[in-house]
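Written below as structure tokens is the structure these notes are about.
The values are calculated or read from the model by the stated rules, or taken from the named source; none is laboratory data. Model, not experiment: these values are computed from the prediction. Counting neighbours? That spans all protein chains shown, and the Cβs are built from the backbone with ideal geometry, glycine included.
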């Protein structure tokens, strides 16, 4: 167990709806990254939050947004859901100070199905 | 740009025989490289990492990998497979170089099957 917890574990939404996924980082970690893993693919980097600000973004549209809270937990929000958003969403936490950081530790993910 | 290519989508071995999972990388920076394992319905677990120290890296559960700059390879090996090794394995490169080890680019994965 990594100490990174995600909720919910499974979710079914209808196309066009909005969804919020949650992540609690490992104790002592101040950075949260989000990844999307489509079926049969490797995870793809969505974005990272450090000190409550976005700190890097992958090739995802603006309808993917996030937040980081003072306790370093994080939310991933997806608006206007599309069928292709169906995937496993993984949260990873790490500790970062300036340009130095530890490796990422992953949660077990949230399985999102869009119908 | 950084990328990794996993050369085999599926590898099948018998229990007790060696495992070889192949990975080539491309990186504009001195890279950090990782192998992660994903068991069914589980999150990702770090097996091992290379961040510019020794080129032969030892990880958990008997796995090791060798960084070969001349071949741009980072293959994962284990001398003797166990049934519990059956899983999906991902070769991973850091997106922004050696010192940024928490923004990751994943390969497409290699599914390892282990037969009794």
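Computed quantities for the displayed model
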read-out: Residue check for residue B:20: more than 14 Å from chain A (Cβ to nearest Cβ) and either touching a residue at least 40 places away in the same chain (Cβ under 8 Å) or surrounded by 18 or more Cβ atoms within 10 Å (Cβ to Cβ) (or both); value: yes
read-out: Per-region count, region B:83-109, residues out of contact with any strand residue (DSSP E or B) (no Cβ under 7 Å at 6 or more places or on another chain) and touching a residue at least 40 places away in the same chain (Cβ under 8 Å); value: 3
read-out: Count of residues meeting criterion [within 13 Å of chain B (Cβ to nearest Cβ), over 10 Å from the mean Cα position of the chain (by Cα) and either under 28 Å from residue A:99 (Cβ atoms) or in a strand (DSSP E or B) (or both)] in region A:9-42; value: 8
read-out: Residues of region A:85-101 classified as at the interface with chain B (Cβ under 7 Å from one of its Cβ atoms) and more than 14 Å from residue A:42 (Cβ to Cβ), total; value: 5
read-out: In region A:65-110, the residues that are surrounded by fewer than 18 Cβ atoms within 10 Å (Cβ to Cβ) and within 13 Å of the chain's Cα centre (by Cα); value: A:65, A:67, A:73, A:75, A:77
read-out: Given (1) surrounded by 18 or more Cβ atoms within 10 Å (Cβ to Cβ); (2) within 11 Å of chain B (Cβ to nearest Cβ), number of the condition residue A:114 does not satisfy; value: (2)
read-out: Enumerated strands (runs of 3 or more DSSP E) restricted to region B:17-81, each holding at least 1 residues that are in contact with a helix residue (DSSP H, G or I) (Cβ under 8 Å, 6 or more places away or on another chain) and either under 18 Å from residue B:103 (Cα atoms) or at pLDDT below 90 (or both); value: B:44-50
